[in-house]
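Here you go, one structure.
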Amino acid sequence: MGTEQQLPNPREGVPGILDRFAGPGATPAELVLQFLLPLVAAGAAVAHAAFAVGGWSAVQYLLCALLAFDIVGGIITNATSSGKRWYHRAGQSFSRHFGFVMLHLGHLAIVSWLFLTLDLLWLVTAGLYLLIASLTIILVPLYLQRPVALIMYAGSILLALYVLASPPGMEWFLPLFYLKLLVAHLPREEAYRPEREADESMKPMR
């Protein structure tokens, strides 16, 4: 097993869309994890909500499934070596990473609106913590990113458990939401590659 930060170019056409999502050079195992487990998570989230709460509207069940798919898929994609290599490639500036985090404020707004009858205090508190934690992780020196990310994630768990209300049927949302962004996405880490790729990279050019 070796590390390799050299990034292949995305392919053309439809395969290029996949490359820009999962990262160029994503292995079959990485792709299976990224697409199969989120489908399982979406089904499990809907089943849990139907059993624990019931009586939701079709829109609520649909959004529950989509959020579970997106968040679990995002955790896995952002944590893969191919994803790390792609999302932390040269040119991915502060504004790109923070902008990605900002987009997820929409997730919080959806949950507050559909599952907490638009609890604005919940929305503001969860959103402010996300922004403060993300800024901290991005701005610390690279060698501190991983421990700081884990500290901030631990704080988010305490926030979700003891401060913020848990959306009934969506108790999993905040812990996995913060995991995706604070731990899986933001820290830059070495891209470990399969042994065969490491061997290929060591061959002399002809």
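Could you run the Karplus curve 6.51 cos²θ - 1.76 cosθ + 1.60 with θ = phi - 60° over the stretch 145-155 and give me ³J(HN,Hα) per residue in whole Hz, x for Gly and Pro?
Going residue by residue, I get 4, 5, x, 5, 4, 5, 4, 5, 5, 4, x Hz, with x marking Gly and Pro.
Also, I was wondering about something else. Take every Cα-Cα pair in the stretch 88-206 and report what % of them are more than 17 Å apart. Intermediate results must be reported in sequence, preceding the final value.
On the way: 4237 of 7021 pairs.
Summing the P(r) of the stretch 88-206 above 17 Å gives 60 percent of all pairs.
Obtain the nm distance between the two label points defined at Ala44 and Trp113 by a simple spin-label model: each point lies 7 Å from its Cα along the Cα-to-C-beta direction.
2.8 nm
Could you please report the charge total around Leu186, scoring K, R as +1 and D, E as -1 over all other residues with beta-carbon less than 14 angstrom from its beta-carbon?
That works out to +4.
Measuring from label point to label point, each 7 Å out along Cα→Cβ, what is the Leu142 to Glu190 span in nm?
1.3 nm
If you add up the charges near His104, with Lys and Arg at +1 and Asp and Glu at -1, over every other residue whose beta carbon is less than 15 angstrom from its beta carbon, what do you get? Mind dumping the intermediate values first?
Details: positive: Arg96, Lys180; negative: Asp70.
Net of charged neighbours comes to +1.
Further question on the same structure: Run the numbers for Met102 and Leu31: contour at 0.36 nm per residue of separation, minus the present Cα-Cα distance, in nm.
That works out to 23.0 nm of additional length.
Name the long-range amide H neighbours of Arg193: under 5 Å, sequence gap of 5 or more, or other chain; modelled H, no Pro or chain starts.
Gly2, Thr3, Glu4
Here are a few candidate values for mean projected area of the Cα convex hull in nm²: (i) 10.8; (ii) 13.2; (iii) 15.0. Which one was actually calculated from the structure I just gave you?
(ii)
Readers should treat all values here as calculations from the given coordinates under stated rules, not as data from a laboratory. Keep in mind the model is a prediction, meaning the values are calculated, not measured. Positions of Cβ are backbone-derived with ideal geometry, glycine not excepted, and every protein chain shown enters the neighbour counts.
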